Amino acid sequence: MKKYISTLYELQLLDDQLDELQASLGDLPASINHIKEEIRFRESGIEERRQEIQDIEVKIEKNHEEAEKLKETINKSQKERFSVRSNKVYDALSKQIDHAEDTIKKMSLENEHLGHKSVTLAEDIELMQPEIKDMHKELAEKEGELAEIQKASEKERKKLEERRAAVEAQIKKPDLNVYLRVRKARAGKAVATIKRESCSGCHSVIRPNNLLEIRKEDKIHTCEYCGRILISDRITEEVEKEFSI
């Protein structure tokens, strides 16, 4: 059982080193992801504006065609109005003409508004395109910087990952699940050592009877305060002495 508990601590040490390698990348991964999101957002914005411009062009053309039809209707009604003998028919034709003229005016104003909107959208696109170009340039620079850092530590990372996989394979699935859950909840530290009769993770004092049980090294113990796996100081010393990459 002692060897099994030692394996859990070895897994923690390996994860610590992998975490250090990840930390050496700084904020580059997050920065790269942020730039990619900004590029996607702006490219999507440009595509939406282009589509809106196309829709505007279709609407303007439709209004123009409708206005031409209404003008024909007006001309026809005006001619008919001069030949009718009934006041009722004359008034109906007059209303028809007035309505058509009002509709043409409304469509003309709408087309004017749509034209201004189309210009504004086109200007937005012109402003966004250089921004996207600059972002692509910044992205390429940061990705290049990240690649260089990763290349420098590639061999070490690969060696650590291979060793970690071998160590993880020795741990039972329920215990591994506990380890992974606590590691996620406790900033990467799932295994704690005993320091001055306290948990090295949360610094809570370990009760004397619990200390005795932990030092028997015959089963896995967890901190009653933070939930980390607790190992004896002897295992700590032995594993750290033998641990090397």
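What to note about this one:
- Residues of the range 30-48 that are loosely packed, with under 13 Cβ neighbours inside 10 Å and in contact (Cβ under 8 Å) with a residue 24 or more places away in the chain: none at all.
- Unique match (being farther than 30 Å from residue 152 by Cβ, of a type in the set (Lys, Arg) and within 36 Å of the chain's Cα centre (by Cα)) among 42, 85, 81: 42
- Evaluation of residue 142 against (1) in a loop (DSSP other than H, G, I, E, B); (2) touching a helix residue (DSSP H, G or I) at 6+ places or on another chain (Cβ under 7 Å); (3) basic (Lys, Arg) (one fails), failing number: (1)
- Residues that are surrounded by 13 or more Cβ atoms within 10 Å (Cβ to Cβ) and assigned to a helix (DSSP H, G or I) within the range 79-92 comprise 80, 81, 89, 90, 92, listed in sequence order.
- Top-ranked residue in the range 109-156 [being β-branched (Val, Ile, Thr) and more than 22 Å from the chain's Cα centre (by Cα); ranked as modelled with the lowest pLDDT]: 149
- For the range 126-137, the set of residues classified as in contact with a helix residue (DSSP H, G or I) (Cβ under 8 Å, 6 or more places away or on another chain), loosely packed, with under 15 Cβ neighbours inside 10 Å and either among the aliphatic types (A, V, I, L, M) or more than 30 Å from residue 57 (Cα to Cα) (or both) consists of 136 only.
- Hits in the range 95-129 - residues which are closer than 17 Å to residue 72 by Cβ and not hydrophobic (A, V, I, L, M, F, W, C): 96, 98, 99, 101, 102, 103, 105, 108
- Look at the range 188-207: where a residue is within 20 Å of residue 14 (Cα to Cα) and a partner is among the aromatic types (Phe, Trp, Tyr), sitting 6+ places away or on another chain with Cβ atoms under 6 Å, you get 190/179; 191/9.
- Of the residues making up the range 51-86, those that are out of contact with any helix residue (DSSP H, G or I) (no Cβ under 8 Å at 6 or more places or on another chain) and more than 29 Å from residue 116 (Cα to Cα) are 75, 76, 79, 82, 83, 85, 86.
- Tabulated pairs, the range 1-22, first assigned by TED's automatic domain parsing to the domain that holds residue 218, second of a type in the set (Gly, Ala, Ser) and buried (at least 17 other Cβ atoms within 10 Å of the Cβ), C-beta under 7 angstrom, 6+ apart or interchain: 12/190
Yes/no matrix, rows are residues, columns are (1) in contact (Cβ under 8 Å) with a residue 60 or more places away in the chain; (2) of a type outside the set (Ser, Thr, Tyr):
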{"site": "162", "(1), (2)": "no, yes"}
{"site": "167", "(1), (2)": "yes, yes"}
{"site": "180", "(1), (2)": "no, yes"}
{"site": "212", "(1), (2)": "no, yes"}
{"site": "217", "(1), (2)": "yes, yes"}
{"site": "225", "(1), (2)": "no, no"}
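The values are calculated or read from the model by the stated rules, or taken from the named source; none is laboratory data. Just so you know, these numbers come straight off a predicted model, no measurement behind them. Neighbour counts run over all protein chains shown; Cβ positions are idealised from the backbone, glycine included.
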